[in-house]
Amino acid sequence: PSSCVAVLAPSHGSAGGRSPRPAPGARQETLRSPDRTAGGKGLVVGLIVALVLAGAGACHYISVKNTERRRLGEAQEMFERARTSLKAYEEKLGAISREDGFGSRIDEIVGKIPSVAARKDIASLLNAVERCRELEDESRGLLHLNEARVRAKAAFAVAQKARQDADHRCASREARQLWQEAEGACDTGRQFLSEHEFNMAQFMFDEAVRVYEKASGEAVAELEARQKAELARQEQKAKEDEH
């Protein structure tokens, strides 16, 4: 086309190349490109979706962090309670005698107590709590073992006293044999270290006391029999001298 008029004339179908004027009061509409309108709407929708996803992601991140912080705090509290309970057992272990192999056992348990500084994440804290519980069980078992040892040593002291009494009185062969059996029971008892063996040692020491007392009783009975026999012999001799 040679001019704008030539372009507009066919489109509006007006004579003389003039465009018809809109009627008075008629609403004029602005023509928009369909492609441009659809693209604008898509851009707005995309921005809204992006903002919604970003907000949801931020909320999820904050929720995860709060959950992790709460779980970490709970794990720290569990660890502190477990370690405090284990410390009470540590004090009890420190008060018992360290002889008969107990010293190395106590040092082994105390050396395994988890350190506070090394426990910073949830996994390490939970592992430390489990370790504390295992050490509590070991400490409890060692305390029971010590109680059995104390009972065995008390029985051993009684047996030793009975042994000394029997040693002064035993004269017969049978009494000496019983005394040797009881002495063997004492020696065997001193070698026991487990709780079961300490309990067995206590039983053997008690049995040794019975053996010693029996030996002492037999020795006393034998001595009394000799004294009676000697007294009867002296009385018989006196009667014979009178006749």
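Below is a table of values for the structure above.
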read-out: Members of the range 96-120 found to be under 21 Å from Gly73 (Cα atoms) and surrounded by 13 or more Cβ atoms within 10 Å (Cβ to Cβ), listed by number; value: Ile113, Pro114, Arg119
read-out: Flag for Arg169 being open to solvent by 60 Å² or more (accessible area, probe 1.4 Å), more than 35 Å from the chain's Cα centre (by Cα) and modelled with pLDDT of 85 or more; value: no
read-out: Residues (touching a helix residue (DSSP H, G or I) at 6+ places or on another chain (Cβ under 8 Å) and either surrounded by 15 or more Cβ atoms within 10 Å (Cβ to Cβ) or modelled with pLDDT of 85 or more (or both)) located in the range 221-243; value: Glu222
read-out: Filter pass, Ala123 being loosely packed, with under 14 Cβ neighbours inside 10 Å, assigned to a helix (DSSP H, G or I) and modelled with pLDDT under 90; value: yes
read-out: Pair list, Cβ under 9 Å, 6 or more apart: the range 70-90 residue touching a residue at least 24 places away in the same chain (Cβ under 8 Å) and closer than 15 Å to Ala123 by Cβ, other residue open to solvent by 50 Å² or more (accessible area, probe 1.4 Å) and not in a helix (DSSP H, G or I); value: Leu72/Lys120; Leu72/Asp121; Ala75/Arg119; Ala75/Asp121; Gln76/Arg119; Phe79/Val116; Phe79/Arg119
read-out: Tabulated pairs, the range 139-167, first under 30 Å from Glu91 (Cβ atoms) and polar (S, T, N, Q), second modelled with pLDDT of 85 or more and surrounded by fewer than 21 Cβ atoms within 10 Å (Cβ to Cβ), C-beta under 7 angstrom, 6+ apart or interchain; value: Ser139/Leu93; Ser139/Ile109; Asn146/Ile96; Asn146/Phe102
read-out: Close pairs from the range 94-112: first in contact (Cβ under 8 Å) with a residue 60 or more places away in the chain and over 17 Å from Asp137 (Cβ atoms), partner surrounded by fewer than 17 Cβ atoms within 10 Å (Cβ to Cβ) and not aromatic (Phe, Trp, Tyr), Cβ under 6 Å, at least 6 apart; value: Gly101/Leu193
read-out: Residue tally, condition under 13 Å from Ser139 (Cβ atoms) and open to solvent by less than 40 Å² (accessible area, probe 1.4 Å), over the range 71-88; value: 2
read-out: Residue match in the range 140-152 (condition: assigned to a helix (DSSP H, G or I), open to solvent by 40 Å² or more (accessible area, probe 1.4 Å) and within 30 Å of Ala75 (Cβ to Cβ)); value: yes
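The values are calculated or read from the model by the stated rules, or taken from the named source; none is laboratory data. Fair warning: this is a prediction, and the values are worked out from it, not measured in the lab. Neighbour counts are summed over all protein chains in view; Cβ atoms, including those assigned to glycine, are modelled from backbone coordinates with ideal geometry. These accessible areas exclude ligands, DNA and RNA; they are computed on the full protein's heavy atoms, side chains included. Shrake-Rupley method; radii C 1.70, N 1.55, O 1.52, S 1.80 Å.
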